[in-house]
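The values are calculated or read from the model by the stated rules, or taken from the named source; none is laboratory data. These numbers come from a predicted model, not from an experiment. In this analysis, Cβ positions are derived from the backbone assuming ideal geometry, glycine residues included, and neighbour counts consider all displayed protein chains.
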Amino acid sequence: MEAGKRMLDLVFPRRCVVCDEVTDRIGESVCGKCRDKIIYIKEPACMKCGKQLKNDEQEYCRDCERGKHSYIRGTALYDYGSMADSIFRFKYGGRMEYADFYGKDLYEKKAKWISEIRPDAFLPVPAHPSRVRRRGYNQVELIARELSGYCGVPVNCSLMTRVKRTQPLKNQSHGERQNNLKRAFKILQNDVKLNTIVIIDDIYTTGSTIDAMAQVLRRAGITEVYFMALTIGRGI
């Protein structure tokens, strides 16, 4: 298997997930000049959503101090700004191969967190069917499946669907996001036998999407809802 991967890397060299240039080392997903450009979230981080904080005296970011979330707790891997271009290419540019790096990096940095939560399943944020048809894939599902391959937690894509095609949330206020996401998600399984779910997303901004999903999951009887995001904005 590894020999096959090495041969594939020789024939089709990997592109750096940060700059998208061919990597300078066979089998590596990040080139030497970009390795230090990736900013990982580290302590101190918000005890609720996991956003990077400025000082050790803080426990929560301003968003989590002001508002109540429907999930228990979350964590994130990268500072959004350092990986924004990478995520854009992955999401809209067909760079599905980036998922291998993302999943492995999530596992290596978050294995302890996952073992503490002990989830029954990973739940990728569902994309509306029309968007999946246009794009050809749900990028979050690709991340979840790669992560699952490393840690063994199953991916459940049949639990929930997106029934409402929401408008892009990027430039909306918190209230607009909440209204946009009302009745956007629906449980597909009537007999849910899961206690602990970790929602997987690519970008965490205000938590509106995670909250909307968590509310639906809790009404279905799933009491422990957490999230893991690939990237997250800065806390204040």
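Filtered by the rule that a residue be among the polar types (S, T, N, Q) and either at pLDDT 95 or above or farther than 13 Å from Leu194 by Cα (or both), the stretch 142-160 gives Ser148, Asn156. The residue that is surrounded by the fewest Cβ atoms within 10 Å (Cβ to Cβ), among those in the stretch 36-92 that are farther than 25 Å from Val216 by Cα and of a type in the set (Gly, Ala, Ser), is Gly81.
Among the residues of the stretch 98-118, write down those that are within 22 Å of Phe12 (Cα to Cα) and either outside any helix (DSSP H, G or I) or among the basic types (Lys, Arg) (or both).
As a first pass, look at the stretch 98-118 and keep what is within 22 Å of Phe12 (Cα to Cα): 98-105.
Listed by number, the list holds a single entry, Lys104.
Looking only at residues in the stretch 201-220 that are in a helix (DSSP H, G or I) and of a type outside the set (A, V, I, L, M, F, W, C), the one that is farthest from the chain's Cα centre (by Cα) is Arg219.
Taking the stated definitions as given, is Lys104 of a type outside the set (A, V, I, L, M, F, W, C) and farther than 15 Å from Asp201 by Cβ? Working first, answer last.
Numbers: of a type outside the set (A, V, I, L, M, F, W, C): yes; farther than 15 Å from Asp201 by Cβ: yes.
Taking the combined requirement at face value, the residue satisfies it.
Taking the stated definitions as given, is Lys164 at pLDDT below 85 and under 25 Å from Cys64 (Cβ atoms)? Give the derivation first.
Working: at pLDDT below 85: yes; under 25 Å from Cys64 (Cβ atoms): no.
In short, no.
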